[in-house]
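Trainee: After the structure tokens below, expect a handful of questions from me.
Derivation of every value follows stated rules applied to the coordinates shown; laboratory data play no part. Nothing here was measured: the structure is a model prediction, and the numbers come from that model. Backbone-built Cβ (ideal geometry, glycine too); neighbour counts: all protein chains shown.
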Amino acid sequence: MPFFEQLAGNLVYGAILGSVYGLSTMGLSLIFGVLRIVNVGHGPFIMLGAFTAFWMFTLFGIAPVVSISVALVLGLALGFVIFFAVIRRLINAPELSTLLATFAIGIFLEEIAKFMWGPDHRGYSWDIGDIDIGITLIPYSKILAFISSIIIAYLLYMWFQKTKLGAAIRAVVEDSGGAAACGINVGRIYALSFAIGIGLTVASGVLVTLFVPVGINPYMGHEYTLKAFVIAVLGGLASPWGAFYAGFIFGLIENGSYTLLGLIPGVEPFSLTRFVAFSLLLVILLIKPTGLLGGENK
Amino acid sequence: MLKVEGLESGYGTMQVLWGADLEVKKGTITTVLGPNGAGKSTLLNTIFGLVKPWNGRIILNGEDVTFDPPHDKVEKGLTIVLEGRHLFPSMTVRENLILGAYTDRAMEKLESSLELVYSLFPVLKERAEQMAGTLSGGEQQMLAIARSLMTNPDIVLMDEPSQGLAPKLVMEVFDTITKLKNEGLTILLVEQNVFASLEISDYAYVLNEGRIVLGGTIDEVKDSEEIKKVYLGL
């Protein structure tokens with residue numbers, strides 16, 4: 001049954017890609033959950049991660065899995081800088097101001113990237129062999145991306161659950177006034193959460209390069225901004241863990257529908273997968289407006 | 001213990017407090033009375049620092065804390081029970097209480113605070129592993145008060161603690177506040193429920209249109225002309 005083999009293969013691939021989607025959306029959800037700010041400049045941070053991976057690999061021969069930590073540190077630093085330069089002034093500001101500001105930050109990063117590295121599409125190939133899982137061949141590099149995503153998400157989850165600072169962030173997400181009454185420095189939690197959110201996003205950009213062989217360019221982020229919004233809504237918007245699971249679901253739907261659409265004659269499946277994914281989003285939101293895994297969003 | 005002088009604040013360009021003065025003595029319950037919109041909640045939120053003071057001074061234990069952010073005030077022994085409880089609904093009762101002991105000041109006393117809280121509110125011990133959001137209204141109010149005690153405070157600001165509760169529970173909340181006073185706590189209370197709060201208080205102030213128009217011991221305030229004017233428009 002070649003069709004089922006193809007479908008199964010695509011679903012496996014979808015799950016792997018989904019883990020990266022999930023990781024790339026966690027930062028967006030974390031920032032929204034804590035600061036109630038929608039970072040519409042989300043994609044360009046993924047682009048920065050992709051360039052980090054590219055330069056680390058081509059200049060120093062450093063494997064992308066190692067670059068993740070470099071990107072995380074860069075992202076954290078950048079997150080703090082942007083928070084204290086811009087975001088700090090926008091807490092409790094009207095939505096239009098925060099949307100404009102984060103949009104502007106995104107464009108600013110893109111143009112800096114274009115200025116420094118040019119508008120060309122770049123890519124690199126990190127070939128460390130494939131594994132045959134019976135139905136399809138999967139490159140080890142993608143399996144490493146899958147494992148890295150899960151490890152990072154799990155470590156972050158444990159940090160949130162087991163540490164005092166993690167508990168303080170959860171408290172601010174649930175009720176910032178209540179957190180202040182407990183003596184939590186809410187301003188510091190805002191800064192930290194924003195930095196972690198950007199750090200995660202930049203780190204996920206490293207993993208994205210393992211799925212776009214020649215797609216690294218200053219404007220590559222847009223696609224991920226769009227997908228991240230869908231995934232974040234699916235996951236209930238304010239929950240990084242919801243976003244991670246929703247990433248899987250999105251990856252499965254996107255890749256599963258690719259196989260199914262290929263059966264219809266005269267249809268170009270690639271452009272339609274997004275149609276299917278977004279239609280499904282609409283249906284899910286009609287049935288459960290708080291998102292698939294969403295709790296009590298006020 | 002707490003002294004407020006000429007406090008002014010507001011939101012955006014709208015001024016709400018126009019120079020409020022009051023003093024809270026150690027070990028007493030002091031009530032701020034006033035009609036809706038008088039600025040009672042704004043007064044407490046400004047003292048705590050959630051609303052920035054525009055002018056005036058706030059002195060806590062002899063130290064000027066006017067522009068201290070809220071978390072510094074908690075470290076110095078001041079906390080607030082906000083109007084509408086502001087719990088962490090998808091955390092357990094226990095987690096809510098532990099978060100109350102977030103500051104260094106509170107961490108030192110974590111065990112004894114927990115013991116005190118559980119002895120005051122046995123129901124919270126029974127429901128320690130239950131999500132705070134699943135508690136009844138009365139239990140949530142108890143948890144909000146309990147969480148404020150976990151900060152190991154000298155003085156607690158309470159904003160409408162009896163709001164939205166059934167009459168029987170309202171009396172329970174007022175009994176609790178009296179018990180807290182007997183434990184040595186100082187309380188600054190804002191209440192809609194005038195008669196019950198006068199019943200338990202030692203001092204009272206009347207706030208009207210952002211200004212303190214009257215202050216004194218309970219007996220002085222109770223029989224004054226001012227309070228009739230403010231509440232009854234006489």
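Trainee: Taking 21 Å as the cut-off for C-alpha to C-alpha distance, list the pairs among B:Lys3/B:Lys40; B:Lys26/B:Lys73; B:Lys179/B:Lys229; B:Lys181/B:Lys229 that go past it.
Mentor: Result: B:Lys179/B:Lys229; B:Lys181/B:Lys229 exceed 21 Å.
Trainee: Averaged over every viewing direction, what's the projected area of the C-alpha convex hull for chain B? Give it in nm², one decimal, please.
Mentor: So the mean shadow area of the Cα hull is 12.2 nm².
Trainee: Next question. I'd like the Karplus ³J(HN,Hα) series for the range B:62-70: coefficients 6.51, -1.76, 1.60, θ = phi - 60°, whole numbers in Hz, and an x wherever there's a Gly or Pro.
Mentor: Ordered by residue, 3J(HN,Hα) equals x, 10, 6, 10, 3, 10, 5, x, x Hz.
Trainee: What order do you get for A:Tyr190, B:Tyr11 when you list them from fewest to most C-beta neighbours inside 10 Å? If you can, show how the numbers build up before the last one.
Mentor: Details: A:Tyr190 21, B:Tyr11 10.
Going from sparsest to densest Cβ surroundings: B:Tyr11, A:Tyr190.
Trainee: Also: Which of the aspartates and glutamates could a cross-linker bridge to B:Lys52, judged by Cα under 17 Å and excluding same-chain residues fewer than eight apart?
Mentor: The reachable aspartates and glutamates, counting only those whose Cα sits under 17 Å from B:Lys52, are B:Glu5, B:Glu8, B:Asp21, B:Asp64, B:Asp68, B:Asp72.
Trainee: Could you work out the relative contact order of chain A? I mean the mean sequence separation of Cα pairs under 8 Å and 6+ apart, divided by the number of residues, in percent.
Mentor: Details: 492 pairs, mean separation 113.1, N = 298.
Relative contact order of chain A: 38 percent.
Trainee: Is the range A:5-117 best put as rounded, prolate or oblate by its Cα gyration tensor, with a ≥ b ≥ c the root eigenvalues, rounded for a/c under 1.5, and otherwise prolate when a/b is larger than b/c, oblate when not?
Mentor: oblate
Trainee: Search the structure for amide H atoms under 5 Å from the amide H of B:Thr92, placed 1.01 Å from N in the peptide plane, and list their residues when 5 or more places away or on another chain.
Mentor: Amide H neighbours of B:Thr92: B:Ala132.
Trainee: Using only the Cα atoms, what convex hull volume per residue in Å³ does the range A:1-58 have?
Mentor: 114 Å³
Trainee: For B:Leu189, which sequence-distant residues (separation of 5 or more, or a different chain) have an amide H within less than 5 Å of its own amide H, given hydrogens modelled in the peptide plane?
Mentor: Close amide H contacts, sequence-distant or interchain: B:Thr30, B:Thr31, B:Val32, B:Met158.
Trainee: For the range A:54-61, what does the Karplus curve 6.51 cos²θ - 1.76 cosθ + 1.60, with θ = phi - 60°, yield as ³J(HN,Hα) per residue in whole Hz, taken in order and with x for Gly and Pro?
Mentor: The phi angles translate into 4, 6, 4, 6, 6, 7, 10, x Hz.
Trainee: Using Cα-only point scatterers and the Debye equation, what is log10 of I(q)/I(0) for the range B:180-234 at each q in 0.13, 0.16, 0.21 Å⁻¹, rounded to two decimals?
Mentor: -0.33, -0.50, -0.82
Trainee: For the range A:122-269, what does the equivalent ellipsoid look like in terms of its semi-axes, each the square root of 5 times an eigenvalue of the Cα gyration tensor, given largest first in whole Å?
Mentor: 35, 18, 15
Trainee: Can you tell me how chain A classifies by the Cα gyration tensor, rounded, prolate or oblate, using a/c under 1.5 as the rounded cut?
Mentor: Numbers: a/c = 1.69, a/b = 1.35, b/c = 1.25.
Note, shape of chain A comes out prolate.
Trainee: Quick one: B:Ile47, A:Ile138, fewest Cβ neighbours within 10 Å first, how do they rank? Display every interim value, and only then the final one.
Mentor: Values: B:Ile47 27, A:Ile138 17.
Ranked by crowding around the Cβ, least crowded first: A:Ile138, B:Ile47.
Trainee: Can you pull the Kirkwood radius for the protein assembly as shown, inverse mean 1/r over Cα pairs, to one decimal in Å?
Mentor: 25.8 Å
Trainee: Over the range A:1-75, what is the relative contact order in whole percent, taking alpha-carbon pairs under 8 Å and six or more residues apart?
Mentor: Relative contact order, the range A:1-75: 15 percent.
Trainee: Oh, and also: Once the Cα gyration tensor of the range B:1-68 is found, what semi-axes does its equivalent ellipsoid get, as square roots of 5 times the eigenvalues, in whole Å, sorted largest first? Could the numbers behind the result be given before it?
Mentor: Values: eigenvalues 72, 46, 16 Å².
Equivalent ellipsoid semi-axes, largest first: 19, 15, 9 Å.
Trainee: A further question follows. Counting Lys and Arg as +1 and Asp and Glu as -1, each charge on the Cβ, what is the dipole of the protein assembly as shown about the Cα centre in debye, to the nearest 20?
Mentor: Using Cβ point charges on Lys, Arg, Asp and Glu, the protein assembly as shown gives about 600 debye.
Trainee: Same structure, new question: Compare the Cα positions of A:Ile284, B:Val74, B:Ser148 along the charge dipole of the protein assembly as shown (+1 at Cβ of Lys, Arg; -1 at Cβ of Asp, Glu; about the Cα centre) and return the one farthest towards the positive end.
Mentor: The residue sitting farthest along the positive end of the dipole is A:Ile284.
Trainee: I've got another one for you. Which of B:Met131, B:Met142 comes first, and how do the rest follow, when ranked by fewest Cβ neighbours within 10 Å?
Mentor: Least crowded to most crowded, the residues run B:Met131, B:Met142.
Trainee: Still on this structure, I have one more. Distances longer than 14 Å among the Cα atoms of the range B:133-207: what percent of all pairs is that?
Mentor: Values: 1661 of 2775 pairs.
Roughly 60 percent, once rounded to a whole number.
Trainee: Mind checking the dipole of the range A:1-136: about its Cα centre, +1 per Lys or Arg Cβ, -1 per Asp or Glu Cβ, Debye to the nearest 20?
Mentor: Numbers: 5 positive and 8 negative charges, 137 e Å.
I would put it at about 660 debye.
Trainee: Report the relative contact order of the range A:1-125, percent, no decimals, based on alpha-carbon pairs under 8 angstrom and at least 6 residues apart.
Mentor: Computed over the range A:1-125, the figure is 32 percent.
Trainee: Please list, in order along the range A:233-247, the HN-Hα scalar couplings obtained from phi with the Karplus expression 6.51 cos²θ - 1.76 cosθ + 1.60 (θ = phi - 60°), rounded to whole Hz, x for Gly and Pro.
Mentor: Each residue of the range A:233-247 in turn: 5, 4, x, x, 6, 9, 10, x, 6, x, 5, 5, 5, 4, x Hz.
Trainee: Here is a further query. Across the range A:48-191, how large is the tail of the calculated P(r) beyond 19 Å, expressed as a percent of all Cα pairs?
Mentor: The answer is 69 percent, as a whole percent.
Trainee: Any chance you could give the angle, 0 to 90 degrees and rounded to 10, that helix A:2-35 forms with the longest Cα principal axis of chain A?
Mentor: 10 degrees
Trainee: Okay, next question. Return the Rg/Rh ratio of the range B:91-220 with Cα-based radii and a Kirkwood Rh.
Mentor: 1.00
Trainee: Run through all the Cα pairs of the range B:56-113 and give the fraction in each 5 Å bin from 0, expressed as whole percent.
Mentor: Bins of 5 Å from zero give 4, 16, 22, 21, 19, 11, 6, 2 percent of pairs.
Trainee: Can you give the longest stretch of chain B with no exposed loop site, where a site means GluC sites (Glu not before Pro) in a DSSP loop (not H, G, I, E or B) with at most 13 other C-beta atoms within 10 Å?
Mentor: Values: sites that count: B:Glu108, B:Glu129, B:Glu183.
My reading of the result: B:1-107 is the longest stretch.
Trainee: Give me, ordered by chain and number, the residues 5 or more places off A:Asp130 or on other chains with an amide H under 5 Å from its own placed amide H.
Mentor: A:Tyr140
Trainee: Share of Cα-Cα pairs in the range B:33-145 beyond 18 Å, in percent?
Mentor: So the portion of pairs separated by more than 18 Å is 58 percent.
Trainee: Determine which lysines satisfy two conditions relative to A:Lys164: a Cα distance under 18 Å, and not lying fewer than 8 residues away in the same chain.
Mentor: Within the straight-line limit of under 18 Å, A:Lys164 reaches these lysines: B:Lys109.
Trainee: Taking the alpha-carbon distance from A:Lys288 and a cut-off under 21 Å, which lysines remain once sequence neighbours fewer than 8 residues away in the same chain are dropped?
Mentor: A:Lys227, A:Lys298
Trainee: Next up: Of A:Phe45, A:Leu260, A:Ala93, which is farthest on the positive side of the dipole of chain A, counting Cα position, with +1 on Lys and Arg Cβ, -1 on Asp and Glu Cβ, and the Cα centre as origin?
Mentor: A:Ala93
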